[in-house]
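Structure first, then comments.
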Amino acid sequence: MDILEINNLSKRFGSIYALDDVSFSIKKGDIFGFLGPNGAGKSTTIRIIMGFLKATKGNVSVFGLDSHVQSVEIKKQIGYVPADPILYQDWSVNEHIRFLTKIRGKQIKTRAEELKKILELNGKKKLKQLSTGNQQKLAIILALSIEPSLLILDEPTRGLDPLLRSTFHTLLREYRDRGGTVLLSSHDLSEVEDLCNKIVIIHNGKLIQDTTVSHLRAKHGHKVKAHFQDHAPSFSDIKGVEDLITTTHTAVFNTKGNLKPVLEILSHSKVGDLEISSASLEDIFEEIYK
Amino acid sequence: MSFTLILQALKAKRMLWIVYSIIGLGFILLYVAIFPSIQGQSADYDKIFASLPKGLVLALNISNVEPTLMGYLSSKHFGLIWLVIIILLVVTYSGFAIAKEIETKTMGFLLSQPIKRVNLYLSRFTAGIIGLVVFICISEIIVWPLAKICNYTIDVKGVLLLGFSGLLFGISVLSLGFMFSALSSTAAKVSALSGGILLVMYAAFIASSLVPSLDKLKYLSLFHYISPGAIIQNDSVTLSSIIVFIVFSFTTTLIGIFAFKKRQVLV
């Protein structure tokens, strides 16, 4: 079942297209990575989903409802963490939770208290007394405490330290295991790689990849680093070998497709050290934007 | 409308209402304190006012000077200073209510909740009206108990009618401010646009009084429909004034709601 469906979405600001004919869908239970460099159109897409902006063309449907027309109904089931969560600086953490309780219902209070403990956030402090990371924590608490059907996260871990990042990832996995769906916009490729089962990559407002992490890795092959006790053999004749750098005893290259011919050469050589790794999203990203 | 949103708006801007109410009260206390000395010199003041140019008298709204406390206050305070305080208070609040939240991006938090934009607009507007009622009670209606304490003769009906008229004027300015707040992305723009329109209205009001050929211009000005001196003297508020304030408020509120519903919010 599609939780979110985006069809031919375009958004123009004056003569500039921030989004150009973007389409993708998210299924229930997905942790969906939304990747792209700054200004690619990620936040614009999210703002249209949230009903802050109106699409120039195309439509967005969430839970089968039109995101512009039935925005309030949709938001009852959406938890949202913006890229720069701006909350009320004169309110305390607890005041934010109280306000949300009044808007969303009393049932969120228990979960908010739990999350406050897990993320170690002092409820009495006013926002202006909190660091950016702690304000980010509150935004995460507010979004997760409502137990939404869809969680939209726009670079949620920016400003969080590695330990908290790990705690947050655990919370996301638990949320997914309880049946939740996540749209995660991020710059952090390792985070996306770690969490997401599906990804789309957007560049200059256009969708350039809509795939799974494993498929993308398979498509973009492996990175091979080998150290030889004798002279390094030649890999240049093998189909699919790219970016080959050889010295007397080492060979470093990327290879797409079948690894068999590479392994065959390696098996006939005196290999001192060998590292074969799947291409990381970072490598893929670099290749796409090259 | 949502009680939570109304309460939130009142709480968030409580200092604004408190400070302006104290200023309004301060003026009243000052005038009440000096009234006995003014009362003894009313004949001299009448002569001074009679010698002033007509334009200045109209600009300061100091007609109908009476030797009563309310007559004195309506000519000295309620005719202009009080209205200016109402305008400043209400326009500042309007700017904060929507545009400032878009400017500081806190609107993103509200709009990501299941809250209808109309609901948000009307709740904030209602909070403005509640704040205005409190301000009018503290800065105008309070004359009644103060007069009783000081043993001055007071026309209660006049006090209440002037408060009612001030409330209608304030709601009109609030509606205008909210309309601009729904259209703008900064509070400064709201102040500039609302202040600009009110200034033009005030200029039209003065010009219509001074130049006979421009007489009809006064109907375009909100200031024409509130005359504290006349309210105190006649003990009534004209029906046409009430209708104009209501129609003006209703129209600008509808435009504001429509604009806020349709506007794109970059938060």
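The values are calculated or read from the model by the stated rules, or taken from the named source; none is laboratory data. Note that the coordinates shown come from a computational prediction; the quantities given were computed from them, not determined experimentally. Here the Cβ is made from the backbone with ideal geometry for all residues, glycine too, and neighbour counts use every protein chain on show. Keep in mind that these areas ignore ligands, DNA and RNA; they rest on the heavy atoms of the full protein, side chains included. Shrake-Rupley method; radii C 1.70, N 1.55, O 1.52, S 1.80 Å.
Could you list all residues from region B:89-106 that are of a type outside the set (D, E, K, R), open to solvent by 30 Å² or more (accessible area, probe 1.4 Å) and either farther than 24 Å from A:Q89 by Cβ or within 9 Å of chain A (Cβ to nearest Cβ) (or both)?
Of region B:89-106, the ones of a type outside the set (D, E, K, R) are B:89-99, B:102, B:104, B:106.
Add one more test, that the residue is open to solvent by 30 Å² or more (accessible area, probe 1.4 Å), and what stays is B:92, B:96, B:104.
Within region B:89-106, just B:T104 meets the criteria.
Return yes when A:E193 is touching a helix residue (DSSP H, G or I) at 6+ places or on another chain (Cβ under 8 Å), in a helix (DSSP H, G or I), under 20 Å from A:T157 (Cα atoms) and not assigned by TED's automatic domain parsing to the domain that holds A:I78 and no when it is not.
no
Which fully enclosed helices (runs of 4 or more DSSP H) of region B:107-204 have 2 or more residues being at pLDDT 95 or above, open to solvent by less than 20 Å² (accessible area, probe 1.4 Å) and within 25 Å of B:G24 (Cβ to Cβ)?
Of the helices (runs of 4 or more DSSP H) lying wholly inside region B:107-204, those with at least 2 residues that are at pLDDT 95 or above, open to solvent by less than 20 Å² (accessible area, probe 1.4 Å) and within 25 Å of B:G24 (Cβ to Cβ) span B:117-136, B:156-183.
State which residue is nearest to the other protein chains (Cβ to nearest Cβ) when the search covers only region A:99-116 and only residues that are of a type in the set (D, E, K, R) and open to solvent by 40 Å² or more (accessible area, probe 1.4 Å).
A:K102
Filter region A:205-224 for residues that are crowded, with 18+ Cβ neighbours inside 10 Å and farther than 30 Å from A:V252 by Cβ and give the result.
Within region A:205-224, A:G205, A:L207 qualify.
Please verify whether B:K218 is open to solvent by 10 Å² or more (accessible area, probe 1.4 Å) and farther than 30 Å from B:R117 by Cα, treating the condition exactly as stated.
Yes, satisfied.
Restrict the check to region A:141-160 and report whether at least one residue is over 16 Å from B:G108 (Cβ atoms), of a type in the set (K, R) and under 14 Å from the mean Cα position of the chain (by Cα).
No; the residues of region A:141-160 include none that is over 16 Å from B:G108 (Cβ atoms), of a type in the set (K, R) and under 14 Å from the mean Cα position of the chain (by Cα).
Quick test for you: out of A:L244, A:L259, pick the one residue that is open to solvent by 40 Å² or more (accessible area, probe 1.4 Å), closer than 30 Å to A:H215 by Cα and under 34 Å from the mean Cα position of the chain (by Cα).
So the residue among A:L244, A:L259 that is open to solvent by 40 Å² or more (accessible area, probe 1.4 Å), closer than 30 Å to A:H215 by Cα and under 34 Å from the mean Cα position of the chain (by Cα) is A:L244.
For region A:73-96, which positions are in contact (Cβ under 8 Å) with a residue 60 or more places away in the chain, over 16 Å from A:I108 (Cβ atoms) and crowded, with 20+ Cβ neighbours inside 10 Å?
Within region A:73-96, just A:P82 meets the criteria.
If A:R158 passes every condition in (1) in contact (Cβ under 8 Å) with a residue 60 or more places away in the chain; (2) among the basic types (K, R); (3) within 13 Å of chain B (Cβ to nearest Cβ) but one, which one does it miss?
Here A:R158 meets the rest and fails (3).
When you scan region B:13-20, do you find a residue that is open to solvent by less than 70 Å² (accessible area, probe 1.4 Å), modelled with pLDDT of 90 or more and within 14 Å of chain A (Cβ to nearest Cβ), even just one? Spell out the reasoning first.
Residues of region B:13-20 that are open to solvent by less than 70 Å² (accessible area, probe 1.4 Å), as a first pass: B:13, B:16-17, B:19-20.
So of that shortlist, the ones also modelled with pLDDT of 90 or more come out as B:13, B:16-17, B:19-20.
So of that shortlist, the ones also within 14 Å of chain A (Cβ to nearest Cβ) come out as B:13, B:16.
The answer is yes; a qualifying residue exists.
Residue by residue through region A:224-261, note down the ones that are aliphatic (A, V, I, L, M) and within 20 Å of A:D283 (Cα to Cα). It would help to see each step written out before you state the result.
Keep residues of region A:224-261 that are aliphatic (A, V, I, L, M), which gives A:224, A:226, A:232, A:238, A:241, A:244-245, A:251-252, A:259.
A:V224, A:A226, A:V241, A:L244, A:I245, A:A251, A:V252, A:L259 - these are the residues of region A:224-261 that are aliphatic (A, V, I, L, M) and within 20 Å of A:D283 (Cα to Cα).
Can you tell me how many residues in region A:52-72 are open to solvent by 10 Å² or more (accessible area, probe 1.4 Å) and more than 7 Å from every other protein chain (Cβ to nearest Cβ)?
First, pick out the residues of region A:52-72 that are open to solvent by 10 Å² or more (accessible area, probe 1.4 Å): A:54-59, A:61, A:63-66, A:68-72.
Narrowing further to those that are more than 7 Å from every other protein chain (Cβ to nearest Cβ): A:55-59, A:61, A:63-66, A:68-71.
Total satisfying the criteria: 14.
Restricting attention to region A:1-26, and to residues there that are of a type in the set (S, T, N, Q) and loosely packed, with under 15 Cβ neighbours inside 10 Å, which single residue is nearest to A:E193 (Cα to Cα)?
Here the residue is A:S23.
Quick one: would you say A:Y88 is in contact with a helix residue (DSSP H, G or I) (Cβ under 7 Å, 6 or more places away or on another chain), facing another protein chain (nearest Cβ under 9 Å) and modelled with pLDDT of 95 or more?
no
Is it the case that region A:192-204 has a residue that's within 19 Å of the chain's Cα centre (by Cα) and open to solvent by 70 Å² or more (accessible area, probe 1.4 Å)? Reasoning before the result, please.
Taking region A:192-204 first, the residues within 19 Å of the chain's Cα centre (by Cα) are A:192-204.
From what's left, open to solvent by 70 Å² or more (accessible area, probe 1.4 Å): A:194, A:204.
Yes, there is a match, as at least one residue in region A:192-204 is within 19 Å of the chain's Cα centre (by Cα) and open to solvent by 70 Å² or more (accessible area, probe 1.4 Å).
Can A:H96 be described as under 27 Å from A:G179 (Cα atoms), more than 7 Å from chain B (Cβ to nearest Cβ) and part of a loop (DSSP other than H, G, I, E, B)?
No; evaluated as a whole, the condition is false for this residue.
Here are A:L121, A:L144, A:L151: which of them is more than 13 Å from chain B (Cβ to nearest Cβ), buried (at least 17 other Cβ atoms within 10 Å of the Cβ) and not in a loop (DSSP other than H, G, I, E, B)?
Just a single option satisfies the conditions, and that option is A:L144.
Given the conditions (1) without any contact (Cβ under 8 Å) to a residue 24 or more places away in the chain; (2) open to solvent by less than 40 Å² (accessible area, probe 1.4 Å), report the number of the one that A:G29 does not fulfil.
Evaluating A:G29 over (1) without any contact (Cβ under 8 Å) to a residue 24 or more places away in the chain; (2) open to solvent by less than 40 Å² (accessible area, probe 1.4 Å) leaves (1) as the failure.
Step by step: first the residues of region A:38-51, then only those that are open to solvent by 40 Å² or more (accessible area, probe 1.4 Å) and on the phi < 0 side of the Ramachandran plot, then the one that is farthest from the other protein chains (Cβ to nearest Cβ). Which residue is that?
If we take residues in region A:38-51 being open to solvent by 40 Å² or more (accessible area, probe 1.4 Å) and on the phi < 0 side of the Ramachandran plot, then A:N38 is farthest from the other protein chains (Cβ to nearest Cβ).
From the set of residues in region B:229-267 that are exposed (fewer than 14 other Cβ atoms within 10 Å of the Cβ) and of a type in the set (D, E, K, R), which is farthest from the chain's Cα centre (by Cα)?
B:K262
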